[in-house]
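The values are calculated or read from the model by the stated rules, or taken from the named source; none is laboratory data. Everything quoted here is computed from the prediction, not taken from an experiment. In this analysis, Cβ positions are derived from the backbone assuming ideal geometry, glycine residues included, and neighbour counts consider all displayed protein chains. Protein only, heavy atoms only, side chains kept; ligands, DNA and RNA dropped before computing areas. Shrake-Rupley method; radii C 1.70, N 1.55, O 1.52, S 1.80 Å.
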Amino acid sequence: MLWRLPYHFGRYLMMLWQAFSVPENYRMYWKETVRQMYDIGIGSLVIVALISVFIGAVSGLQFVYQLDGQLIPMYYIGYIVRDLAIIELSPTFTNLVLSGKVGSNMTSEIGGMRQKEHIDAMEIMGLNTAAYLVLPRTIAALAVIPLLVAVSAILAIAGGYVATVLPGELSHTDYVRGLRTFYNPYNIQMMFVKSYVFAFILSTVSCYQGYYVKSGSVNLGKASTQAVVYSNILILLADYLLVVLLTSD
Amino acid sequence: MVRIEDIYKSFGDTEVLKGISLTFEKGKTNLIIGRSGAGKTVLLKTLVGLIMPTSGTVWYDDTNFTQLDKKSLREVRMNIGMLFQGSALFDSMNVEENIRFPMDMFKKMTPGEKQKRVDYCLEVVGLEGVNKKYPSEISGGMKKRVGIARAIVLDPDYLFCDEPNSGLDPKTSLLVDELILEITRNNNTTTIINTHDMNSVMGIGENIALLHQGKVAWQGDKDHIIDSDNELLQSFIFASPFLRELKEKAYGH
């Protein structure tokens with residue numbers, strides 16, 4: 001498998017080269033972008049919200065358990081949940097989940113179009129199919145996923161509050177004080193940088209898998225799985241590299 | 001007119017097309033026939049540039065299609081209409097949006113003009129009133145006709161049809177054939193049809209090429225089929241015992 005990596009990487013770059021070219025008709029591309037934004041944004045809101053609330057809740061409870069009886073002040077829990085959500089959990093978890101939902105959907109949709117000769121039909125009409133299929137999805141992902149990540153961070157913090165303050169593990173004042181402690185706006189920038197990079201990886205890798213799918217339902221299933229697996233691996237790899245880059249002095 | 005010269009196409013070690021030279025005439029229904037695996041689909045896809053030949057040339061009138069850059073290739077393709085075997089209608093769009101898609105993408109027309117053209121194309125294929133239906137809501141025969149409507153919406157000079165009758169009942173099949181013939185006559189298009197439907201061959205075959213193992217085994221029109229002594233052609237056309245019997249009764253040979 002590894003020996004084919006340069007081949008796939010080269011073909012991926014060629015697809016991107018074709019995709020990022022001047023659209024034949026801006027209005028049609030915009031229409032498709034809006035459709036994709038709706039699918040990615042509204043279609044993923046519930047799952048992102050659910051996961052985020054639980055991430056925040058579990059993080060909060062875990063740290064109540066860890067810090068209980070220690071000398072570390074309890075209001076630190078609010079601070080820890082906030083930064084954990086903003087810097088790491090929201091951008092990474094949201095994108096890992098979205099690669100399973102949105103990414104595999106992109107692969108199946110484009111792959112289905114390839115198998116049912118829709119892409120051939122567009123080619124014959126004279127359309128730059130890589131651009132029409134990849135560009136709107138990538139732009140939609142870049143526009144919507146960072147917003148979903150921001151929503152996710154807010155909900156994770158809220159989830160932490162619900163899980164720790166409502167059962168009485170922590171006072172409202174302590175949690176809010178924690179949220180206001182050691183606030184660094186740079187962390188928000190880091191969250192958005194990560195979101196953009198992950199959204200780009202997720203959308204383009206998924207489109208690539210769909211665009212070059214071979215015939216047959218088995219291959220389509222395989223491509224969807226590969227889209228999720230490769231996106232996840234690349235997101236985790238990029239996460240590590242970004243943390244190294246963005247936190248080094 | 002579309003002309004191909006000495007077309008070869010190989011996939012790995014397998015040579016699918018072995019030096020095919022043919023001329024497809026304007027205003028005529030040109031049929032490519034042959035058994036499954038003879039290379040018909042590869043030839044059709046080579047003609048429209050979805051597959052590049054290993055060697056040889058495809059000419060669209062005076063334009064060397066095989067040597068065009070991407071931009072010029074797209075310009076020529078805008079003059080091509082194609083009906084796919086599975087119709088290839090976009091699932092997310094209704095019938096009207098499917099037909100309008102090439103106009104929306106490439107033509108600067110007012111919404112009214114586009115609507116008029118869509119209605120006209122639907123009228124040509126006899127499907128008035130299905131504008132708002134989605135591909136999943138219409139029958140296979142209707143899908144083919146919508147596919148034809150989309151193929152002719154930009155008034156192309158070249159019309160390609162890949163197995164237009166596959167999966168259709170004989171009556172609908174005849175309807176689709178008549179439609180293609182009518183469009184070819186009225187619009188003076190160069191129509192190239194890939195088929196192994198015998199009714200189409202005998203009904204609308206004005207210029208027929210029989211492919212066998214990647215080579216042209218016979219060429220002629222429907223009126224010369226019965227009298228031809230080409231064994232490959234006879235065994236292909238009259239493959240069924242019923243047709244053989246009919247032929248013997250009618251022609252005595």
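Structural remarks
- From the C-alpha gyration tensor of the protein assembly as shown, square roots of 5λ in Å: 59, 23, 20
- Average Cα contact separation per residue, chain A, under 8 Å, 6 or more apart, as relative contact order %: 34 percent
- Å² of accessible area per residue within the range A:123-249, as computed with a 1.4 Å probe and no ligands counted: 44 Å²
- Within straight-line reach of residue B:171, meaning a Cα separation under 18 Å, sit the following aspartates and glutamates at least 8 residues removed in sequence or on another chain: B:163, B:182, B:197.
- Accessible area buried between chains B and A, both sides summed, probe 1.4 Å, in Å² to nearest 100: 2000 Å²
- Accessible area of chain B belonging to carbon and sulfur atoms, whole % at 1.4 Å probe: 48 percent
- Length-normalised contact order for the range B:92-155 - Cα pairs under 8 Å, 6+ apart - percent: 52 percent
- For the range B:92-155, radius of gyration divided by Kirkwood radius, i.e. Rg to Rh on alpha-carbons: 0.93
- Backbone amide hydrogens, once placed in the peptide plane, bring residue B:82 within less than 5 Å of B:160, excluding anything fewer than 5 places away on its chain.
- Taking every protein chain into account, the 1.4 Å probe leaves residue A:37 with about 60 Å² of accessible area, to the nearest ten.
- Karplus 3J(HN,Hα) series, Hz, for the range B:213-229 with 6.51 cos²θ - 1.76 cosθ + 1.60 (x for Gly, Pro): 6, x, 10, 7, 9, 7, 9, x, 10, 4, 6, 9, 5, 4, 8, 5, 9
- Size descriptors for the range B:67-116: radius of gyration and Dmax over Cα atoms are 13.1, 38 Å.
- Coarse-grained scattering of chain A at q = 0.07, 0.12, 0.13, 0.16 Å⁻¹, given as base-10 log I(q)/I(0) from a Debye sum over alpha-carbon atoms: -0.29, -0.73, -0.82, -1.09
- For the range A:177-222, the Kirkwood radius over C-alpha pairs fed into Stokes-Einstein at 37 °C and 0.692 mPa s yields D = 240 µm² per second.
- The average projected area of the range B:168-253, computed from the convex hull of its Cα atoms over all directions, is 6.4 nm².
- Solvent exposure of chain B, expressed per residue, is 46 Å² of accessible area, with all protein chains present and a 1.4 angstrom probe.
- Membrane-span-like helices in chain A, defined here as complete DSSP H runs extending at least 27 Å along the helix axis by their C-alpha atoms with mean Kyte-Doolittle hydropathy no lower than 1.6, are A:129-164; this is a sequence and geometry rule, not a statement about a membrane.
- About the Cα centre, charge dipole magnitude for the protein assembly as shown (Lys/Arg +1, Asp/Glu -1 at Cβ), debye: 660 debye
- Here residue B:121 sits with roughly 0 square angstrom of accessible surface, probe radius 1.4 Å.
- Here the accessible area of chain A is 70 percent carbon and sulfur, with a 1.4 angstrom probe and all protein chains present.
- Beyond 24 Å in Cα-Cα separation lie the following of the pairs A:116/B:132; A:214/B:107; B:71/B:108; A:214/B:9; A:116/B:144: A:214/B:107.
- Taking all protein chains together and a 1.4 Å probe, the residues A:29, A:7 rank A:7, A:29 from largest to smallest accessible area.
- Count Lys and Arg as plus one, Asp and Glu as minus one, and take only other residues whose Cβ is under 13 Å from that of residue A:245; the net charge is then -1.
- Scanning chain B for trypsin sites (Lys or Arg not before Pro) that sit in a DSSP loop and have at most 13 other Cβ atoms within 10 Å, the longest stretch containing none of them is B:133-253.
- Shape call, chain B: gyration tensor on alpha carbons, a/c limit 1.5: oblate
- Taking Lys and Arg as +1 and Asp and Glu as -1, the other residues whose beta-carbon sits under 12 Å from that of residue A:60 total -1.
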